[in-house]
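Worksheet: one structure, shown below.
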Amino acid sequence: MTVADVQRFGRDLWLPEAGDESLRVTASGDLPCRQGRPNLESAIRRCICTTPGDLTHRPRFGAGLLDRLEGSTSPAARSALANAIRSALLADPRILEVAVSVQAGAGDEPRAAALTVEVTYRPARDDRSTTVTYEFAE
């Protein structure tokens, strides 16, 4: 990882993303950090999951996916969620372009407890797009 990547994409605490993970501590007693592109991808996941209004210091932050896990998985609902995610991610100055696809995880069920979100993003000052896939389940 280059110094330029850390400067462009930032550095933040590593936080557990799966329900079975716990907060780690390094051998020196510090909390571990993510930096560079992995930090940006972690921030994308946090943005997708956070419900607007949950953070008092950033009330507009987030796309609210977790609130929609039990909601309709109709094409219109998935499209609305994809647009909400896209808008929320474009508010991050590190991201220049983004495309979002949302798929239901349970076939043709009208409501599903799982969603797959595919995000293709191009960071600011970068010619290379990256695709990341996140799976969310109730």
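The values are calculated or read from the model by the stated rules, or taken from the named source; none is laboratory data. Given the structure is predicted, the values throughout are model-derived calculations rather than measurements. As a convention, Cβ positions derive from the backbone with ideal geometry for all residues, glycine included, and neighbour counts pool all protein chains shown.
Can you say whether R60 is surrounded by fewer than 17 Cβ atoms within 10 Å (Cβ to Cβ), out of contact with any strand residue (DSSP E or B) (no Cβ under 7 Å at 6 or more places or on another chain), part of a loop (DSSP other than H, G, I, E, B) and basic (K, R), as far as the supplied structure shows?
Taking the combined requirement at face value, the residue satisfies it.
If you go through the stretch 71-79 one residue at a time, do you hit one that is at pLDDT 85 or above and surrounded by 16 or more Cβ atoms within 10 Å (Cβ to Cβ)?
Yes: the stretch 71-79 contains one or more residues that are at pLDDT 85 or above and surrounded by 16 or more Cβ atoms within 10 Å (Cβ to Cβ).
Under 7 Å between Cβ atoms, which residue pairs at least 6 apart in sequence (or on different chains) link something in the stretch 57-81 that is over 16 Å from D92 (Cα atoms) with a partner that is charged (D, E, K, R)?
Qualifying pairs under 7 Å: L69/E138; E70/R111; E70/E138; G71/R111; S72/R111; T73/E109; T73/R111; L81/R68.
Can we say L66 is at pLDDT 90 or above, surrounded by 16 or more Cβ atoms within 10 Å (Cβ to Cβ) and in contact with a Phe, Trp or Tyr (Cβ under 8 Å, 6 or more places away or on another chain)?
No.
Looking only at the stretch 3-37, how many residues end up being of a type outside the set (A, V, I, L, M, F, W, C) and in contact (Cβ under 8 Å) with a residue 12 or more places away in the chain?
Number of matching residues: 11.
So, in the stretch 99-118, exactly how many residues are surrounded by fewer than 19 Cβ atoms within 10 Å (Cβ to Cβ) and either of a type outside the set (A, V, I, L, M) or at pLDDT 90 or above (or both)?
11
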